[in-house]
Every structure is written in C-alpha cells, then in structure tokens.
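The values are calculated or read from the model by the stated rules, or taken from the named source; none is laboratory data. The shown structure was predicted, so the numbers you read here are calculated from the model rather than taken from an experiment. Quick reminder, even Gly has a Cβ in these numbers, built from the backbone with ideal geometry, and neighbours come from all protein chains shown.
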Amino acid sequence: MIEAEATAEMLLMTQPFRSPEETEEPIEVTLVRAVLAGEPDRFARLYEIYAPLVHGILLARVPRDEVDDLTQEIFLHALKKLHTLRDAKAFGPWIAMIARNRAMDFHRSTRETVEVTEQIAITNAPNRTAKEVLDLIRSLPDAYRETLVLRFVEGMTGPEIASRTGLTPASVRVNLHRGVKLLRERMGVA
C-alpha cells in the first residue's frame, strides 16, 4: 500500500497541475496577441492559416480573376483593423465576415452581371468544365456555395470549415449535404 501511495505522489509531482486558465490557447489567439503587441511579422502565419478560407469565400462569390487581389486586400484591411477585434478566438469568423462583406462591395461597385438560370444549367452537357461547375455552385444559396467551395476547391474538412467560419459542425454538415444534393439536381445527375 505504501508503495502505491509513493508511486501516486511521484506521478503527481511529475505532472504539472494546470488550472483551466492555464490550458493552451488556440494558435490564432497567440498570433493575434503577438501582432497587437508589436510583432507584425506574426501576421504572416495568420495569413497562412486563413488564406484558404478567405480565398474560398471569395471564389464562391466573385469572378475568379478578382479573387487573388481581393484576398490580399482583405488581409491588409484585417491587419489595419486588428485592434478592433474584441475576441482573438473569433479571428476566423471575423475575417470570414470581412471577406463576405468585401465580396458584396465588389458586386455593388460592378454593375455588369449575368444571371445563371436553371435552364442554362440543365441544357449543358453532363461533362462540365471546372468553370461550369463553379458557376453552378455560385448559383446556389450563400450557405451552400460557401461550404461547397471551401470543401471541394479549398480542400477543407467539415470540422475545419466549422472552426474557421464560426458555424457549428452540424450546420456545416447540413449545408454540405443539401448543397451537394442541390448541385447534383442542377447538374442533372441523380
């Protein structure tokens, strides 16, 4: 019995006690704090982590040839406005909202639009180019097109989409399921 107590004490001494406040924080929290503390070069890591998210959101909403420039603009804007972020844990949803708003601003400033109707989508041949499929995805409701682009174009998993956009994992699953179903219908695939 004494030996068991001694072993338990040794284990307790080798394992540092961590209170809930001392648990590891998400990497974006550490990076945001570092940037705000005067290390702007740490923003490059935030860019690496969140550029696919922003790219996917834009790709679902604006012409392909505008996406790269808008992605850069959004991150420059985010760097300048980072001090306004109230909760560093919310960096992903915050930058996602900036991307969505910037996409809406883009469409407000450009008046030339072409509506993609279901009839156009149905009359195309079943073997579609990537551009045609992307155009079909863009014709879907916002929630579906964003999650589909993040999943299939940017290669994010459902949990990654959820954690970076602020959506619940269940919402992402539902959006992906319904979006794929609607896309298959529009493509004429049963």
* Among the residues of the stretch 155-166, how many are touching a residue at least 40 places away in the same chain (Cβ under 8 Å) and surrounded by fewer than 20 Cβ atoms within 10 Å (Cβ to Cβ)? -> 3
* the stretch 37-65 - residue that is buried (at least 16 other Cβ atoms within 10 Å of the Cβ) and of a type in the set (D, E, K, R) and, of those, farthest from GLU132 (Cα to Cα) -> ARG42
* Structure fact -> Only one of (1) part of a helix (DSSP H, G or I); (2) modelled with pLDDT of 90 or more does not apply to LEU11, and that is (2)
* Among the residues of the stretch 78-94, which ones are more than 17 Å from the chain's Cα centre (by Cα) and assigned to a helix (DSSP H, G or I)? -> LEU79, LYS80, LYS81, LEU82, HIS83, THR84
* Inspect all residues belonging to the stretch 74-91 and state whether any of them is within 25 Å of GLU154 (Cα to Cα) and of a type in the set (S, T, N, Q). => no
* To do: Consider VAL172 carefully, then state whether it is modelled with pLDDT of 90 or more, surrounded by 20 or more Cβ atoms within 10 Å (Cβ to Cβ) and in a helix (DSSP H, G or I).
  => yes
* To do: For ARG164, state whether it is basic (Lys, Arg) and at pLDDT 90 or above.
  => no
